[in-house]
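Throughout, read-outs are computed from the coordinates displayed, never taken from laboratory work. It should be emphasised that the depicted structure is a prediction, and the values quoted were computed from it without experimental measurement. Neighbour counts are summed over all protein chains in view; Cβ atoms, including those assigned to glycine, are modelled from backbone coordinates with ideal geometry.
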Amino acid sequence: MSKNTAKSKLVIGNWKMNLSFDEAEELATSIQETLADFNLQTEVAICPPFPYLELVTDLADEGEAYSAGAQNCSQFNNGAYTGEVSAKMLADMGVDFCIVGHSERRKYFKESNEVLAEKIDRLTENQVIPVVCCGETLEERKSGKHFEVVEKQLTETLFHLSKNEFEHTVIAYEPIWAIGTGETATPEQAEEMHKFIRSLVEKKYGTEIAYNTYILYGGSCNPKNAVELFSQPDVDGGLIGGASLKCGDFVDIIEAAETTTSEN
Ligand code: PGA
């Protein structure tokens, strides 16, 4: 099955651990000012590092050009967990999205599917939309295990949710070999995996929910390849790393999302 082709797209910028406060302020302001000139169907969110979240939530409230998202949250509710930030704190600050299970967190911070499932629970309890990342390594793709790997990641992190909870989640397919490498999945590779993911959602939650679920592509998405990627029937937008750090590139990607929505 394919998604509803009239559905608007979603583009999320993941700033990772980049930018000074001044740079962040300038970037968030320029994106807001540029998007103010458009009458966008595409939904946009920006995920800055924690210390800049208030800056982004304030601009998000003021301009309504984008929403604010976080890059991580704690699996715990509250208490003696030095250095952690809870889902409730994010909700209190007006944060709408939170990335969960990015491959960098799985790799450098050893986050397991079990811990990620708990983070997703905390977020859904607090009405923050989890953007759940999945994706295979190059070796896994070369050995033909990519579908199996992605199915396991989604089953163990996300598919325990009830229908009502699942409806307020976003999935991001990010092949690890394409993140920050300049090597993008071909539109065919992206579509093949997105279609597979949608079929898993359909099996678990039914046709209507599968149809409405946002499945984003991430991994070296840029203004040059965005139109082709977003033209695929099961690609509902993008999770953008490097290219979200430049206002011009990020806005071009948003325009690609907009163009492909009206073309479909
Ligand atoms: P990239 O990162 O666009 O720089 O490849 C994407 C991501 O990690 O979310």
> Once the dipole of the chain is set up with Lys and Arg at +1 and Asp and Glu at -1 on Cβ about the Cα centre, which of Phe21, Val115, Val100 lies farthest towards its positive end?
Replying inline: Val115
> What number, in percent, do you get for the relative contact order of the stretch 10-263 if the mean sequence gap of Cα pairs under 8 Å and at least 6 apart is divided by its residue count?
Replying inline: 20 percent
> Are there any helices in the chain, counted as whole DSSP H runs, that stretch 20 Å or more along their axis by Cα and score at least -0.5 on average by Kyte-Doolittle, and if so which?
Replying inline: 21-36, 247-263
> Once you put a point 7 Å from the Cα of Phe147 and another 7 Å from the Cα of Phe21, both along the Cβ direction, what distance in nm separates them?
Replying inline: 5.1 nm
>> Can you give the log10 of the normalised intensity I(q)/I(0) at q = 0.10, 0.17, 0.20 Å⁻¹, computed with Debye over equal Cα scatterers of the stretch 121-253?
In response: -0.31, -0.90, -1.19
>> Can you tell me what percent of all Cα-Cα pairs in the stretch 126-204 are more than 23 Å apart?
In response: 22 percent
> Each label point is 7 Å from the Cα along the Cα-to-Cβ direction; what then is the distance between the points at Leu138 and Ser8, in nm?
Replying inline: 3.9 nm
>> Charges at C-beta only: +1 for Lys and Arg, -1 for Asp and Glu. How large is the resulting dipole of the stretch 10-263 about its Cα centre, in Debye rounded to 20?
In response: 1080 debye
> Taking amide hydrogens as modeled 1.01 Å from N in the peptide plane, which residues meet the under 5 Å criterion relative to Cys98, leaving out close sequence neighbours?
Replying inline: Ala70, Ile129, Val131
> Roughly how many whole Å is it from the C-alpha centroid of the stretch 108-156 to that of the stretch 30-93?
Replying inline: 21 Å
>> Can you tell me the mean projection area, over all orientations, of the convex hull of the stretch 84-178's alpha carbons? Units nm², please.
In response: 6.1 nm²
> Give or take rounding to whole Å, what are the principal axis extents of the alpha carbon atoms in the stretch 1-85, in descending order?
Replying inline: 46, 40, 21
> Tell me, in nm to one decimal, what length is gained between Lys110 and Lys224 on full extension, where the rule is 0.36 nm per residue of separation less the Cα-Cα distance?
Replying inline: 37.7 nm
> Taking the simple approach of a point 7 Å from Cα along Cα-to-Cβ for both Asp92 and Thr186, what is their distance in nm?
Replying inline: 5.1 nm
> Ranked highest first by average number of other Cβ atoms within 10 Å, how do 59-69, 235-245 line up?
Replying inline: 235-245, 59-69
>> I need the semi-axes of the equivalent ellipsoid of the stretch 10-263: take the C-alpha gyration tensor, multiply each eigenvalue by 5, square-root it, list largest first in whole angstrom.
In response: 25, 23, 17
> Quick one: Kirkwood hydrodynamic radius for the stretch 189-264, alpha-carbon pairs, angstrom, one decimal?
Replying inline: 12.8 Å
>> Please compute, for the alpha-carbon atoms of the stretch 1-149, the extent along each of the three principal axes and give them in descending order in Å.
In response: 47, 45, 30
